[in-house]
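K.L.:
This structure is in structure tokens; I'll ask about it shortly.
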Amino acid sequence: MADRVTVIGWDGSPLTDAARSALAAATLVAGAAHHLALPEVPPRAERIRLGSTSLAARRIARHRGTAVVLADGDPGFFGVVRTLRAPEHGLEVEVVPAVSSVAAAFARAGMPWDDAQLVVATSRTLRRAVNVCRAHNKVAVLTSPGAGPAELALLLNGVHRTFVICEALGTEREQVTVLTSDKVADHTWRDPNVVIVVGGSGAGADSGTTQGTGWLAGHEVGYPPAIRGWALPTAEYAGEPAEGSGGGPAGESAQLRAAQLAWLGPRTGDLVWDIGAGSGAFAVEAARFGAAVIAVDSDADACGRGYVAARRFGVQLEIVHGVAPHILEDLPEPDVVRIGAGGTATVTAVADRRPARIVTHATTRDEAEAAGRALGERGYAVECALLQSVRLETAGWTETERSVVFLLSAIRN
């Protein structure tokens with residue numbers, strides 16, 4: 001195997017003494033075309049163009065001599081170091097880092113980035129990267145050909161954001177452009193580039209200029225929120241005192257909501273539909289897990305309450321006023337869906353979009369059987385449980401509220 005492997009990060013600035021020394025001793029150098037053209041690369045060294053990093057790692061492992069791998073920025077940050085360190089290659093790796101392209105991009109924008117989400121967009125991960133941009137106020141996207149600024153903007157589709165597009169950082173062709181998301185797809189962008197996506201209305205939405213300070217990287221200023229707990233009484237989401245009630249009708253029951261959240265398991269990178277969002281309590285809690293959420297309701301007042309709840313908890317919600325199932329036709333593809341209203345027609349329309357998981361509930365057995373049959377006919381494995389919750393007033397231990405519902409949970413086969 002290679003006697004030694006040194007991975008050198010390059011950000012366009014002159015190489016350090018350590019990097020030049022490693023290159024001078026190299027008998028094999030791997031990198032992109034612009035790396036291999038550097039004057040410090042020894043003319044007699046074997047040269048490998050980096051395409052597949054796994055193939056290059058296997059070739060380096062077989063090399064008898066000293067190898068150097070050149071990469072842009074910090075090669076330990078979403079870079080080649082992870083591949084080279086894989087146990088099957090048996091390589092001892094030394095790293096000489098440079099400033100990462102993400103750090104450079106935020107420096108060019110003059111923005112702090114300890115509160116930013118960082119994602120990689122490829123043809124396989126583009127939709128999940130877009131969902132992170134929907135859900136968070138500040139996201140740095142490491143793009144790739146076919147998953148660049150234009151594709152990000154097109155999939156955001158009506159969600160207003162500001163794009164800071166940093167092309168060819170550290171080179172003579174470097175260019176930084178600031179555009180609103182609706183204008184980005186009108187341009188052609190050079191690779192490589194990094195995109196900073198900012199905007200929204202949740203906590204820390206203006207954190208590029210805020211004077212506050214956080215303590216946990218990747219979260220907005222003020223995280224975690226002051227309000228603690230999950231499946232809170234519905235009144236909490238409107239900022240009202242929760243006096244004696246779990247919160248209204250069965251569809252708004254805190255206990256039912258807890259079961260629905262547990263089954264769907266919303267997470268960062270997911271897009272959640274909440275149909276019949278009501279108070280917005282479920283939508284807000286799904287967003288608190290880091291998911292992007294589209295809340296749908298036919299009642300304009302309910303939509304207004306959803307906005308209030310989102311502001312109170314400092315999360316992003318996209319709220320759509322309309323009647324399901326017709327309003328669902330133009331929404332982007334969901335990962336998981338909660339159906340709080342709309343009947344069997346809505347259950348059928350949702351199942352036809354093939355999300356991974358669906359939860360809904362019914363107040364009668366006939367309704368539950370109809371929904372379960374519609375899901376089963378469309379290739380879902382369905383479970384049903386009868387949930388009963390009884391709320392007690394603890395001064396006299398008397399019953400104040402009782403809720404009985406059929407909870408249906410479905411997973412795509």
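The values are calculated or read from the model by the stated rules, or taken from the named source; none is laboratory data. Keep in mind that this is a model prediction, so the values were computed, not measured. Don't worry about glycine lacking a Cβ; one is built from the backbone with ideal geometry, like all the others, and counts go over all protein chains shown. What goes into the accessible areas is simple: the full protein's heavy atoms, side chains included, and nothing from ligands, DNA or RNA. Shrake-Rupley method; radii C 1.70, N 1.55, O 1.52, S 1.80 Å.
K.L.:
Note down the accessible area of F289, probe 1.4 Å, to the nearest 10 Å².
P.N.:
Looks like 90 Å² after rounding.
K.L.:
Between beta-carbons, use under 10 Å as the cut-off and find the net charge around L328, counting Lys and Arg +1, Asp and Glu -1.
P.N.:
Taking every other residue near L328 into account, the sum is -2.
K.L.:
For G269, enumerate residues with amide H under 5 Å from its amide H, sequence gap 5+ or separate chain, H modeled in the peptide plane.
P.N.:
V132, A292
K.L.:
Sticking with this one: Going out from 0 in 10 Å bins, what whole percent of all Cα-Cα distances in the range 251-328 drops into each bin?
P.N.:
Spelled out bin by bin, the range 251-328 gives 22, 55, 24 percent.
K.L.:
Amide H of S100: which non-local residues (sequence gap of 5 or more, or other chain) have their own amide H closer than 5 Å, using H built in the peptide plane?
P.N.:
For S100, whose amide H was placed from the backbone, the distant partners under 5 Å are D74.
K.L.:
Continuing with this model, one more query. For C384, what accessible area in Å² do you get when you roll a 1.4 Å probe over the heavy atoms of the protein chains, rounding to the nearest 10?
P.N.:
Number for this one is 80 Å².
K.L.:
Rounded to the nearest 0.05, what FRET efficiency is calculated for E46 and D330 with R0 set to 41 Å and r the Cβ-Cβ distance?
P.N.:
For E46 and D330, the calculated efficiency is 0.15.
K.L.:
Something else about it: Under a 1.4 angstrom probe, counting protein chains only, how are R44, R353 ranked by accessible area, largest first?
P.N.:
R44, R353
K.L.:
In square angstrom, rounded to the nearest 10, how much accessible surface does H63 have for a 1.4 Å probe?
P.N.:
H63 has an accessible surface of roughly 20 Å² with all protein chains in place.
K.L.:
Grab the DSSP H runs of the chain that are 4 residues or longer, score each as -39,500 (n - 2.57), total them, divide by all residues and round the 222 nm result to the nearest 500 deg cm²/dmol.
P.N.:
Helix contribution divided over all residues of the chain: -7500 deg cm²/dmol.
K.L.:
Could you work out how much longer the chain between A107 and K183 gets when fully extended? Use 0.36 nm per residue separation minus the Cα distance between them, nm to one decimal.
P.N.:
This chain segment gains 25.0 nm when fully extended.
K.L.:
Another question, if that's okay. Per 10 Å bin from zero, what fraction in whole % of the C-alpha pairs of the chain is there, up to the bin with the longest pair?
P.N.:
5, 19, 24, 20, 15, 10, 5, 1, 0
K.L.:
If you roll a 1.4 Å probe over the chain with all protein chains in place, what percent of the accessible area is carbon or sulfur?
P.N.:
Result for the chain: 52 percent of the exposed heavy-atom area is carbon or sulfur.
K.L.:
Could you state the orientation-averaged shadow area of the convex hull built on the Cα atoms of the range 341-413, in nm² to one decimal?
P.N.:
Average of the hull's projected areas for the range 341-413 equals 5.4 nm².
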